[in-house]
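Taking it in order: structure first as C-alpha coordinates, then the write-up.
The values are calculated or read from the model by the stated rules, or taken from the named source; none is laboratory data. In this text the structure is predicted, and so the values were computed from the model without any measurement. With ideal geometry, Cβ positions are generated from the backbone for all residues, glycine too; neighbour counts draw on all protein chains shown. Remember, those area values only see protein heavy atoms, side chains included, never the ligands or the DNA or RNA. Shrake-Rupley method; radii C 1.70, N 1.55, O 1.52, S 1.80 Å.
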Number of protein chains: 2
Amino acid sequence: MSENYRKAIVQRIIKNLLDVQLLRMVQTQPLWGYMIKKKIETNFKIKLRHGALYPTLNSLERRGFLKSQKQTHEGRARKIYTITDAGKEYLRSYYGILKDQLEGKDLK
Amino acid sequence: MSENYRKAIVQRIIKNLLDVQLLRMVQTQPLWGYMIKKKIETNFKIKLRHGALYPTLNSLERRGFLKSQKQTHEGRARKIYTITDAGKEYLRSYYGILKDQLEGKDLK
DNA sequence: TACAATATGTCCTTTATCGTACATATCGCA
DNA sequence: TGCGATATGTACGATAAAGGACATATTGTA
(Lines give C-alpha, C1' and ligand atoms only; values in the text may rest on other atoms or scores of the structure.)
Protein backbone atom coordinates (compact mmCIF):
# COMPACT_ATOMS: atom_id res chain seq x y z
CA MET A 1 0.00 0.00 0.00
CA SER A 2 2.82 2.35 0.81
CA GLU A 3 4.25 1.70 -2.66
CA ASN A 4 1.97 4.28 -4.26
CA TYR A 5 4.39 7.14 -3.86
CA ARG A 6 7.57 5.10 -4.14
CA LYS A 7 8.44 5.86 -7.74
CA ALA A 8 7.95 9.60 -7.32
CA ILE A 9 10.06 9.63 -4.16
CA VAL A 10 12.85 7.62 -5.80
CA GLN A 11 12.90 10.03 -8.74
CA ARG A 12 13.06 12.89 -6.28
CA ILE A 13 15.99 11.42 -4.42
CA ILE A 14 17.86 10.73 -7.65
CA LYS A 15 17.19 14.26 -8.83
CA ASN A 16 18.06 16.00 -5.58
CA LEU A 17 20.83 13.74 -4.41
CA LEU A 18 22.48 12.62 -7.63
CA ASP A 19 25.95 13.43 -6.33
CA VAL A 20 25.42 11.34 -3.18
CA GLN A 21 24.21 8.43 -5.28
CA LEU A 22 27.28 8.73 -7.49
CA LEU A 23 29.57 8.69 -4.44
CA ARG A 24 27.71 5.63 -3.18
CA MET A 25 28.18 3.76 -6.44
CA VAL A 26 31.83 4.69 -6.85
CA GLN A 27 32.52 3.73 -3.22
CA THR A 28 31.31 0.21 -3.99
CA GLN A 29 33.59 -0.07 -7.01
CA PRO A 30 35.55 2.26 -9.33
CA LEU A 31 33.36 3.24 -12.29
CA TRP A 32 33.29 5.50 -15.33
CA GLY A 33 30.45 7.81 -16.37
CA TYR A 34 28.91 5.75 -19.10
CA MET A 35 28.81 2.65 -16.88
CA ILE A 36 27.18 4.68 -14.08
CA LYS A 37 24.55 5.91 -16.52
CA LYS A 38 23.76 2.36 -17.63
CA LYS A 39 23.66 1.07 -14.05
CA ILE A 40 21.33 3.81 -12.85
CA GLU A 41 19.01 3.42 -15.82
CA THR A 42 18.84 -0.33 -15.30
CA ASN A 43 18.63 -0.47 -11.51
CA PHE A 44 16.48 2.59 -10.95
CA LYS A 45 14.43 2.20 -14.13
CA ILE A 46 14.67 5.91 -14.90
CA LYS A 47 16.40 7.96 -17.58
CA LEU A 48 19.58 9.77 -16.66
CA ARG A 49 20.74 12.49 -19.01
CA HIS A 50 24.47 12.38 -19.64
CA GLY A 51 24.32 16.17 -19.88
CA ALA A 52 23.57 16.12 -16.16
CA LEU A 53 25.81 13.22 -15.21
CA TYR A 54 29.19 14.36 -16.54
CA PRO A 55 29.07 17.86 -15.07
CA THR A 56 28.13 16.32 -11.71
CA LEU A 57 31.07 13.93 -11.85
CA ASN A 58 33.43 16.77 -12.72
CA SER A 59 32.00 18.81 -9.89
CA LEU A 60 32.57 15.96 -7.41
CA GLU A 61 36.17 15.78 -8.55
CA ARG A 62 36.63 19.54 -8.17
CA ARG A 63 35.20 19.30 -4.65
CA GLY A 64 37.74 16.60 -3.85
CA PHE A 65 35.23 13.79 -3.30
CA LEU A 66 36.27 11.77 -6.34
CA LYS A 67 39.48 11.38 -8.29
CA SER A 68 39.81 10.07 -11.82
CA GLN A 69 42.35 8.36 -14.01
CA LYS A 70 42.06 7.98 -17.73
CA GLN A 71 42.18 4.47 -19.13
CA THR A 72 41.80 3.13 -22.63
CA HIS A 73 39.73 0.00 -22.97
CA GLU A 74 39.37 -1.51 -26.44
CA GLY A 75 40.09 1.79 -28.11
CA ARG A 76 37.67 3.75 -25.90
CA ALA A 77 38.98 6.36 -23.49
CA ARG A 78 37.37 5.97 -20.08
CA LYS A 79 37.61 8.19 -17.03
CA ILE A 80 37.64 5.79 -14.10
CA TYR A 81 36.53 7.41 -10.85
CA THR A 82 37.53 6.33 -7.37
CA ILE A 83 36.30 7.83 -4.10
CA THR A 84 38.61 9.91 -1.89
CA ASP A 85 38.80 10.04 1.91
CA ALA A 86 36.84 13.31 1.80
CA GLY A 87 34.20 11.61 -0.32
CA LYS A 88 33.94 8.77 2.19
CA GLU A 89 33.60 11.27 5.02
CA TYR A 90 30.86 13.14 3.19
CA LEU A 91 28.97 9.89 2.68
CA ARG A 92 29.40 8.96 6.35
CA SER A 93 27.95 12.33 7.38
CA TYR A 94 25.06 11.89 4.98
CA TYR A 95 24.25 8.42 6.24
CA GLY A 96 24.55 9.55 9.83
CA ILE A 97 21.93 12.22 9.27
CA LEU A 98 19.62 9.84 7.43
CA LYS A 99 19.92 7.39 10.32
CA ASP A 100 19.03 10.11 12.82
CA GLN A 101 16.00 10.95 10.72
CA LEU A 102 14.86 7.34 10.68
CA GLU A 103 15.22 7.20 14.44
CA GLY A 104 13.18 10.38 14.74
CA LYS A 105 15.97 12.49 16.17
CA ASP A 106 16.01 16.24 15.75
CA LEU A 107 18.63 17.56 13.38
CA LYS A 108 20.97 20.01 15.07
CA MET B 1 35.39 14.00 12.29
CA SER B 2 32.37 13.21 10.17
CA GLU B 3 30.69 16.37 11.51
CA ASN B 4 32.50 18.61 9.01
CA TYR B 5 29.82 18.35 6.36
CA ARG B 6 26.87 17.94 8.72
CA LYS B 7 25.56 21.50 8.62
CA ALA B 8 25.67 21.68 4.82
CA ILE B 9 23.93 18.32 4.51
CA VAL B 10 21.22 19.31 6.98
CA GLN B 11 20.59 22.53 5.04
CA ARG B 12 20.40 20.50 1.87
CA ILE B 13 17.84 18.10 3.30
CA ILE B 14 15.74 20.96 4.65
CA LYS B 15 15.92 22.71 1.30
CA ASN B 16 15.19 19.69 -0.87
CA LEU B 17 12.77 17.90 1.42
CA LEU B 18 11.00 20.72 3.25
CA ASP B 19 7.59 19.18 2.64
CA VAL B 20 8.68 15.83 4.09
CA GLN B 21 10.06 17.57 7.17
CA LEU B 22 6.78 19.42 7.61
CA LEU B 23 4.83 16.18 7.40
CA ARG B 24 7.18 14.66 9.95
CA MET B 25 6.67 17.50 12.40
CA VAL B 26 2.91 17.64 12.00
CA GLN B 27 2.68 13.86 12.39
CA THR B 28 4.28 14.18 15.83
CA GLN B 29 1.78 16.85 16.88
CA PRO B 30 -0.66 19.25 15.22
CA LEU B 31 1.10 22.56 14.54
CA TRP B 32 0.60 25.92 12.85
CA GLY B 33 2.98 27.61 10.43
CA TYR B 34 4.55 30.13 12.74
CA MET B 35 5.28 27.46 15.36
CA ILE B 36 6.84 25.23 12.71
CA LYS B 37 9.07 28.11 11.61
CA LYS B 38 10.24 28.70 15.17
CA LYS B 39 10.83 25.00 15.80
CA ILE B 40 12.86 24.51 12.64
CA GLU B 41 14.96 27.62 13.24
CA THR B 42 15.67 26.53 16.82
CA ASN B 43 16.23 22.83 16.29
CA PHE B 44 18.00 23.00 12.95
CA LYS B 45 19.77 26.30 13.62
CA ILE B 46 18.97 27.58 10.14
CA LYS B 47 16.75 30.35 8.78
CA LEU B 48 13.42 29.42 7.24
CA ARG B 49 11.66 32.08 5.19
CA HIS B 50 7.95 32.25 5.87
CA GLY B 51 7.58 33.13 2.18
CA ALA B 52 8.66 29.56 1.47
CA LEU B 53 6.92 27.89 4.40
CA TYR B 54 3.32 28.99 3.93
CA PRO B 55 3.08 28.14 0.23
CA THR B 56 4.53 24.70 1.02
CA LEU B 57 1.96 24.12 3.75
CA ASN B 58 -0.84 25.18 1.41
CA SER B 59 0.56 22.88 -1.27
CA LEU B 60 0.61 19.94 1.14
CA GLU B 61 -3.02 20.61 1.97
CA ARG B 62 -3.96 20.80 -1.72
CA ARG B 63 -2.19 17.48 -2.28
CA GLY B 64 -4.24 15.97 0.53
CA PHE B 65 -1.34 15.26 2.88
CA LEU B 66 -2.38 17.81 5.50
CA LYS B 67 -5.66 19.30 6.61
CA SER B 68 -6.14 22.51 8.53
CA GLN B 69 -8.61 24.11 10.89
CA LYS B 70 -8.60 27.74 11.89
CA GLN B 71 -8.36 28.52 15.57
CA THR B 72 -8.10 31.77 17.45
CA HIS B 73 -5.66 31.83 20.33
CA GLU B 74 -5.40 35.03 22.40
CA GLY B 75 -6.69 37.12 19.54
CA ARG B 76 -4.38 35.53 16.94
CA ALA B 77 -5.82 33.45 14.12
CA ARG B 78 -3.89 30.21 13.72
CA LYS B 79 -4.18 27.55 11.03
CA ILE B 80 -3.62 24.30 12.86
CA TYR B 81 -2.46 21.50 10.59
CA THR B 82 -2.99 17.78 11.15
CA ILE B 83 -1.69 14.97 8.97
CA THR B 84 -4.03 12.88 6.82
CA ASP B 85 -3.88 9.16 6.05
CA ALA B 86 -2.40 9.99 2.65
CA GLY B 87 0.24 12.12 4.38
CA LYS B 88 1.12 9.25 6.68
CA GLU B 89 1.39 6.90 3.72
CA TYR B 90 3.68 9.30 1.90
CA LEU B 91 5.92 9.50 4.96
CA ARG B 92 5.96 5.71 5.28
CA SER B 93 7.08 5.42 1.64
CA TYR B 94 9.76 8.02 2.21
CA TYR B 95 11.10 6.31 5.32
CA GLY B 96 11.02 2.94 3.62
CA ILE B 97 13.22 4.25 0.83
CA LEU B 98 15.60 5.91 3.27
CA LYS B 99 15.89 2.64 5.16
CA ASP B 100 16.68 0.77 1.96
CA GLN B 101 19.34 3.33 1.20
CA LEU B 102 20.92 2.91 4.61
CA GLU B 103 20.97 -0.83 4.13
CA GLY B 104 22.62 -0.36 0.77
CA LYS B 105 19.76 -1.74 -1.27
CA ASP B 106 19.24 -0.72 -4.86
CA LEU B 107 16.26 1.49 -5.50
CA LYS B 108 13.82 -0.03 -7.95
C1' DT C 1 2.38 55.53 19.54
C1' DA C 2 5.75 53.21 17.73
C1' DC C 3 7.91 48.84 17.64
C1' DA C 4 8.64 43.86 18.33
C1' DA C 5 6.35 39.56 18.26
C1' DT C 6 2.69 36.66 16.59
C1' DA C 7 0.36 34.99 12.38
C1' DT C 8 -0.49 34.24 7.38
C1' DG C 9 -0.21 35.38 2.73
C1' DT C 10 1.44 37.13 -2.10
C1' DC C 11 4.49 39.42 -5.57
C1' DC C 12 8.48 40.03 -8.27
C1' DT C 13 13.25 39.98 -9.66
C1' DT C 14 17.12 37.38 -9.78
C1' DT C 15 19.28 33.07 -9.70
C1' DA C 16 19.65 28.23 -10.44
C1' DT C 17 18.36 24.22 -12.74
C1' DC C 18 16.34 21.23 -16.68
C1' DG C 19 16.11 19.27 -20.86
C1' DT C 20 17.60 19.47 -25.45
C1' DA C 21 20.73 19.93 -28.73
C1' DC C 22 25.34 20.42 -30.41
C1' DA C 23 30.03 18.48 -30.55
C1' DT C 24 33.72 15.03 -30.97
C1' DA C 25 35.85 10.36 -31.24
C1' DT C 26 36.32 5.21 -31.64
C1' DC C 27 34.59 0.58 -32.56
C1' DG C 28 31.84 -3.13 -34.62
C1' DC C 29 28.54 -4.54 -37.75
C1' DA C 30 25.47 -4.59 -41.66
C1' DT D 1 29.86 3.85 -45.35
C1' DG D 2 26.38 4.56 -42.57
C1' DC D 3 24.42 3.49 -38.15
C1' DG D 4 24.17 2.08 -33.29
C1' DA D 5 26.77 1.66 -29.18
C1' DT D 6 30.46 3.34 -26.34
C1' DA D 7 32.47 7.50 -24.18
C1' DT D 8 32.83 12.36 -22.62
C1' DG D 9 31.93 17.04 -22.89
C1' DT D 10 29.64 21.97 -23.57
C1' DA D 11 26.00 25.50 -24.91
C1' DC D 12 21.70 27.49 -24.65
C1' DG D 13 16.87 28.61 -24.08
C1' DA D 14 13.04 27.62 -21.09
C1' DT D 15 11.35 26.66 -16.78
C1' DA D 16 11.50 26.43 -11.76
C1' DA D 17 13.00 28.02 -7.46
C1' DA D 18 15.13 31.32 -4.16
C1' DG D 19 15.31 35.66 -1.67
C1' DG D 20 13.56 39.72 -0.38
C1' DA D 21 9.96 42.87 -0.24
C1' DC D 22 5.18 44.09 0.12
C1' DA D 23 0.79 43.37 2.55
C1' DT D 24 -2.47 42.87 6.49
C1' DA D 25 -4.00 42.15 11.34
C1' DT D 26 -3.65 41.62 16.45
C1' DT D 27 -1.34 41.88 21.02
C1' DG D 28 1.82 43.53 24.41
C1' DT D 29 5.41 46.57 25.71
C1' DA D 30 8.52 50.55 25.90
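Check B:HIS73 against each of (1) more than 23 Å from A:GLU103 (Cβ to Cβ); (2) surrounded by 12 or more Cβ atoms within 10 Å (Cβ to Cβ); (3) not basic (Lys, Arg) and name the one condition it does not meet.
Failed condition: (2).
Do the conditions hold for B:LYS67, that is, is it open to solvent by 90 Å² or more (accessible area, probe 1.4 Å), at pLDDT 95 or above and either assigned to a strand (DSSP E or B) or more than 18 Å from B:LEU18 (Cβ to Cβ) (or both)?
yes
Which of the numbered conditions does A:LEU31 fail, given that it passes all the others? Conditions: (1) open to solvent by less than 10 Å² (accessible area, probe 1.4 Å); (2) under 27 Å from B:LEU18 (Cβ atoms); (3) not basic (Lys, Arg).
Of (1) open to solvent by less than 10 Å² (accessible area, probe 1.4 Å); (2) under 27 Å from B:LEU18 (Cβ atoms); (3) not basic (Lys, Arg), only one is false for A:LEU31: (2).
Could you check, for region A:36-54, whether at least one of its residues is within 27 Å of B:LYS45 (Cβ to Cβ), part of a helix (DSSP H, G or I) and open to solvent by 60 Å² or more (accessible area, probe 1.4 Å)? So that I can check it myself, show each step before the final result.
Of all residues in region A:36-54, those within 27 Å of B:LYS45 (Cβ to Cβ) come to none.
Looking for residues that are within 27 Å of B:LYS45 (Cβ to Cβ), part of a helix (DSSP H, G or I) and open to solvent by 60 Å² or more (accessible area, probe 1.4 Å), one finds none in region A:36-54, hence no.
When you go through (1) β-branched (Val, Ile, Thr); (2) farther than 24 Å from B:GLU103 by Cβ; (3) touching a Pro at 6+ places or on another chain (Cβ under 8 Å) one by one for A:THR82, which number turns out not to apply?
(2)
Could you run through region A:4-33 and say how many residues are touching a helix residue (DSSP H, G or I) at 6+ places or on another chain (Cβ under 7 Å) and without any contact (Cβ under 8 Å) to a residue 24 or more places away in the chain?
Going through region A:4-33 one residue at a time, the tally reaches 8.
Of (1) touching a Ser or Thr at 6+ places or on another chain (Cβ under 7 Å); (2) charged (D, E, K, R); (3) farther than 28 Å from A:LYS88 by Cα, B:ARG6 satisfies all except one. Which?
(3)
Go through (1) at pLDDT 90 or above; (2) touching a helix residue (DSSP H, G or I) at 6+ places or on another chain (Cβ under 7 Å); (3) open to solvent by 10 Å² or more (accessible area, probe 1.4 Å); (4) of a type in the set (Phe, Trp, Tyr) one by one and return the number of the condition A:TYR81 breaks.
(3)
Which of the residues spanning region B:86-100 are under 14 Å from B:LEU60 (Cβ atoms) and surrounded by fewer than 19 Cβ atoms within 10 Å (Cβ to Cβ)? Break it down into steps so the answer makes sense when it comes.
In the first step, residues of region B:86-100 are kept if they are under 14 Å from B:LEU60 (Cβ atoms); the result is B:86-91, B:94.
Residues satisfying the conditions are B:ALA86, B:LYS88, B:GLU89.
Pairs needed: first member in region B:55-83, free of Cβ contacts under 8 Å to residues at least 60 places away in the same chain; second member anywhere, within 16 Å of DNA strand D (Cβ to nearest atom) and open to solvent by less than 30 Å² (accessible area, probe 1.4 Å); C-beta distance under 6 Å; at least 6 residues apart or different chains.
So the pair list comes out as B:THR56/B:LEU18; B:THR56/B:ASP19; B:LEU57/B:GLY33; B:LEU60/B:ASP19; B:LEU66/B:LEU60.
Please tell me if B:LYS47 is under 30 Å from A:GLY96 (Cβ atoms) and within 14 Å of another protein chain (Cβ to nearest Cβ). Show your work before the answer.
Values: under 30 Å from A:GLY96 (Cβ atoms): yes; within 14 Å of another protein chain (Cβ to nearest Cβ): no.
Criteria not met by B:LYS47.
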